[in-house]
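S.K.: Attaching a single structure in structure tokens format; questions to follow.
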Amino acid sequence: MRERQAKFRIERNMAWGGLRMWFLVKDENSGLLSVGEDIVMRTLAENECAAEPTIHMTDEMACQLMDELWLTGVRPSSGEGSTGKIAAVERHLEDMRSIVASELGVKL
């Protein structure tokens, strides 16, 4: 059975302010590298559903894609669970621990 290792590569294009993305697959047996090229868009007929997704990916591939996007500075728009929000909650918890420790006369 052929083993294939898929990776995403993303770079920020400063000239026009967007991202460029490559989808690469390396065949571990042959060492050959394949690259996905232009996606072809097709208009669906009325009441037609898309039978197949544009891309199938494993959880590991999705995680690697998210990591690549993060490295180029892309962040979730909702900010839910963002680093800044988590840091604020951590500071609040530390403040609360200090208040409780002070009131109970306990050293942290």
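Rule-based calculations on the coordinates, nothing more; no lab input. Worth saying up front: this structure is predicted, and the values here are computed from it rather than measured. Cβ coordinates were reconstructed from backbone atoms using ideal geometry, including for glycine residues, and neighbour counts include every protein chain displayed.
S.K.: If you average 1/r over every pair of different alpha-carbon atoms in segment 5-65 and take one over that average, what Kirkwood value in Å do you get?
M.R.: Numbers: mean 1/r = 0.0702 Å⁻¹.
Evaluated on segment 5-65, it is 14.3 Å.
S.K.: With θ taken as phi - 60° and the coefficients 6.51, -1.76 and 1.60, list the Karplus ³J(HN,Hα) couplings across segment 71-78 in order, rounded to whole Hz; mark glycine and proline as x.
M.R.: Residue by residue, segment 71-78 yields 4, 8, x, 7, 10, x, 6, 6 Hz.
S.K.: Rounded, prolate or oblate: which fits segment 43-92 when a ≥ b ≥ c are the square roots of the eigenvalues of the alpha-carbon gyration tensor, with rounded for a/c under 1.5 and prolate only if a/b beats b/c? Intermediate values should be presented prior to the final figure.
M.R.: On the way: a/c = 3.43, a/b = 2.24, b/c = 1.53.
Prolate is the answer for segment 43-92, as a/c is 1.5 or above and a/b outweighs b/c.
S.K.: Which FRET efficiency, nearest 0.05, do Ala62 and Val35 yield, Cβ-Cβ r, R0 25 Å?
M.R.: Numbers: r = 19 Å, r/R0 = 0.76.
Computed FRET efficiency for Ala62 and Val35: 0.85.
S.K.: Report the trypsin sites (Lys or Arg not before Pro) located in segment 1-76 that are in a DSSP loop and have at most 10 other Cβ atoms inside 10 Å of their Cβ, or state none. Don't skip to the end; give the middle numbers.
M.R.: On the way: sites: Arg2, Arg4, Lys7, Arg9, Arg12, Arg20, Lys26, Arg42; in loops: Arg2, Arg42.
Of the trypsin sites (Lys or Arg not before Pro), the ones in loops of segment 1-76 whose Cβ has at most 10 other Cβ atoms within 10 Å are Arg2, Arg42.
S.K.: Something else now. Expressed as a rounded percentage, what relative contact order does the chain have, with Cα pairs under 8 Å and six or more residues apart?
M.R.: Numbers: 79 pairs, mean separation 22.1, N = 108.
Averaging sequence separation for qualifying contacts and normalising by length gives 20 percent for the chain.
S.K.: Suppose we keep just the alpha-carbon trace of the chain; what are its Rg and Dmax in angstrom?
M.R.: 22.9, 72
S.K.: Exactly which GluC sites (Glu not before Pro) in segment 4-66 are in a DSSP loop and have at most 16 other Cβ atoms within 10 Å?
M.R.: Values: sites: Glu11, Glu28, Glu37, Glu46, Glu48, Glu60; in loops: Glu28, Glu37, Glu46, Glu48.
For GluC sites (Glu not before Pro) across segment 4-66 that sit outside H, G, I, E and B with at most 16 neighbouring Cβ atoms in 10 Å, the list reads Glu28, Glu37, Glu46, Glu48.
S.K.: Calculate how steeply helix 83-104 sits against the longest principal axis of the alpha-carbon atoms of the chain, using the helix alpha-carbon long axis, and give the answer as 0 to 90 degrees to the nearest 10.
M.R.: It is inclined by approximately 20 degrees.
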